[in-house]
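Visitor: Handing you this structure, nothing more for now.
The values are calculated or read from the model by the stated rules, or taken from the named source; none is laboratory data. Please read all numbers here as calculations on a predicted model, not as lab measurements. A quick note on method: Cβ atoms are made from the backbone with ideal geometry, for glycine too, and the neighbour counts reach across all protein chains shown. The protein model used for the area step is the full one, side chains on, heavy atoms only, and it has no ligands, DNA or RNA in it. Shrake-Rupley method; radii C 1.70, N 1.55, O 1.52, S 1.80 Å.
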Amino acid sequence: MDDLLAVPDDVLSVVFTRLISIDPEAVVVISTVSRRFLQITLNDHENLWRVATQSCDCKGNIPQNTSARHWYLHHCRYVRLWKQNYSITTLKGHQAGIITVHVPQPRKFYSFNSGPQTFDERTIVSVSTTPENSIKVWNQHPNGDWNLRSTAQLSHLFKNWAAVSFSNSFPICAVAQEKSVIIYDLMTSAPAGVFTDALSTVTCVQMVDNLVVFGGYDKVVRVHNATNFLTIRTFTEHKGTIWSVCLDINLGIVLSGDEGGIVYVHDLWNGNLKFTLEGHTDSTISIHIMKNHPIIVTTSYDHSVRLWDIQSGALLHTLNGHTDIVLAASSFANMIVSGGRDGVIRIWDCQTGNCVSTLEASTRDIKSIKMCSDKIIVGSYDCQVRVYQLHSTNIQTVEEERQKTSCSVM
């Protein structure tokens, strides 16, 4: 039983901030026995994670800086827990394959249909494909159980959607359907607008804040403003069907991958082509930008995951191990998780390129995946959402941590 379940997040955050400056070793020990404290240390203080993990050199040697050393040891313990200390919960209710899983940013809003709503790290949103076309919201109870909160049945509005992306300001989402992209507001249960300038089927879409980027069979990448519906950019360099897009407003870049495996990286603000990422031998299916590292993650039909330097476009690592198409990737801290048609979830270290753990998904065709501080959420074509929940129950002394970590990384 986690004795810290009843303690408010803001109180735990203050305790953590003070404790890390006084006794970093205590943070490691408490995080080992309390899942709530683990969430605080990993989720609310990723800047400290970044300092620790980036202090490690390319060979994986433990940093000498005291604070960074403790955090790096904490990371290695986290990796080991993913090897053996997790449980799997299956969320059932969809009647069609899952194409998107999403974890909303913490926020509160008022829904005309459901009244006051709150979303936090214990909320999951899942989207099913045709013919069901539904969006379900799941909540995790403090005791760990998951319950279905609400369902938006949208088959009467959308007949054949190909992709769905949620804005940071959830519950706004962008839906790619045939030759159009529809902006839908789950709060009002009504479309907020539509983009119809695509000349052929739209295959991929991403929404970030009020910007929407999409591409498809017409080989054109389009960036629109979802507030005033103006066109921001149009990119026409692709030679084949576009299967993946990614937008980072803070970095000011737009990425898009096509059936030839090439990823184009454009400057969002001036429209110039910065560089291309060339290495995949088949279609690039997904593109992901790591939050705390300058790394682009791409997955492909060629069964590989590749890591690229976000500044130069240089290839950093080719991650091999999947035996079929890799359809999705996500990350947290310096961990990358990937999945695809082989039904295996692989966890990688972005600095070494090594696979640190594999999880059995017990199904094929993992279409969407999301990694958070203490869980991995997987959506697949078998109509189910699976939650891999990390549990911190093994009590170990800091000296034991140091000895085991030194043996594993030196």
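Visitor: For segment 154-174, how many residues are under 18 Å from Cys246 (Cβ atoms) and loosely packed, with under 14 Cβ neighbours inside 10 Å?
Guide: Count: 1.
Visitor: Another question, then. How do the strands (runs of 3 or more DSSP E) wholly within segment 102-142 filter down when requiring 2 or more residues that are at pLDDT 90 or above and among the aliphatic types (A, V, I, L, M): which remain?
Guide: Output list reads 123-128, 134-140.
Visitor: Across segment 211-238, which residue is surrounded by the fewest Cβ atoms within 10 Å (Cβ to Cβ) among those that are part of a loop (DSSP other than H, G, I, E, B) and modelled with pLDDT of 95 or more?
Guide: Step by step, filter segment 211-238, then rank; the result is Thr236.
Visitor: For segment 248-269, name all the residues that are in contact with a strand residue (DSSP E or B) (Cβ under 7 Å, 6 or more places away or on another chain), surrounded by fewer than 20 Cβ atoms within 10 Å (Cβ to Cβ) and not in a strand (DSSP E or B).
Guide: Within segment 248-269, Ile249, Gly252, Glu259, Ile262, Leu268 meet the criteria.
Visitor: Within segment 232-250, track down each residue that is in contact (Cβ under 8 Å) with a residue 24 or more places away in the chain and under 23 Å from Thr100 (Cβ atoms).
Guide: The answer is Thr241, Ile242, Trp243, Ser244, Val245, Cys246, Leu247, Asp248, Ile249.
Visitor: Could I ask something else about it? Report the residue count in segment 374-392 for those that are surrounded by fewer than 19 Cβ atoms within 10 Å (Cβ to Cβ) and in contact with a helix residue (DSSP H, G or I) (Cβ under 8 Å, 6 or more places away or on another chain).
Guide: Of the residues in that region, 1 qualify.
Visitor: Do we find that Ala163 is under 21 Å from the mean Cα position of the chain (by Cα), of a type outside the set (Val, Ile, Thr) and in a strand (DSSP E or B) in this structure?
Guide: yes
Visitor: Can you name the condition, by its number, that Ser244 falls short on among (1) more than 25 Å from Arg306 (Cβ to Cβ); (2) in a strand (DSSP E or B); (3) among the small types (Gly, Ala, Ser)?
Guide: (1)
Visitor: Within segment 307-314, is there a residue that is charged (D, E, K, R) and either out of contact with any Pro (no Cβ under 7 Å at 6 or more places or on another chain) or within 26 Å of Asn225 (Cα to Cα) (or both)?
Guide: no
Visitor: For a quick check of your reading of the model, give me the residue pairs whose first member lies in segment 329-348 and is over 14 Å from Tyr381 (Cα atoms) and charged (D, E, K, R), whose second is assigned to a strand (DSSP E or B) and open to solvent by 10 Å² or more (accessible area, probe 1.4 Å), with beta-carbon atoms closer than 7 Å and at least 6 apart or on different chains.
Guide: Every condition considered, the pairs that remain are Arg346/Cys355; Arg346/Thr358.
Visitor: Select from segment 365-388 the residues that are in contact with a strand residue (DSSP E or B) (Cβ under 8 Å, 6 or more places away or on another chain) and among the acidic types (Asp, Glu) and list them in ascending order.
Guide: Asp365, Asp374
Visitor: Also, I was wondering about something else. Just to verify a result, which residue in segment 175-210, among those that are among the polar types (S, T, N, Q) and without any contact (Cβ under 8 Å) to a residue 60 or more places away in the chain, is surrounded by the most Cβ atoms within 10 Å (Cβ to Cβ)?
Guide: Top of the filtered list is Gln206.
Visitor: Still on this structure, I have one more. Looking at segment 270-373, what strands (runs of 3 or more DSSP E) fall wholly within it and have at least 3 residues that are among the β-branched types (Val, Ile, Thr) and either open to solvent by 10 Å² or more (accessible area, probe 1.4 Å) or at positive phi (or both)?
Guide: The strands (runs of 3 or more DSSP E) meeting that bar are 284-289.
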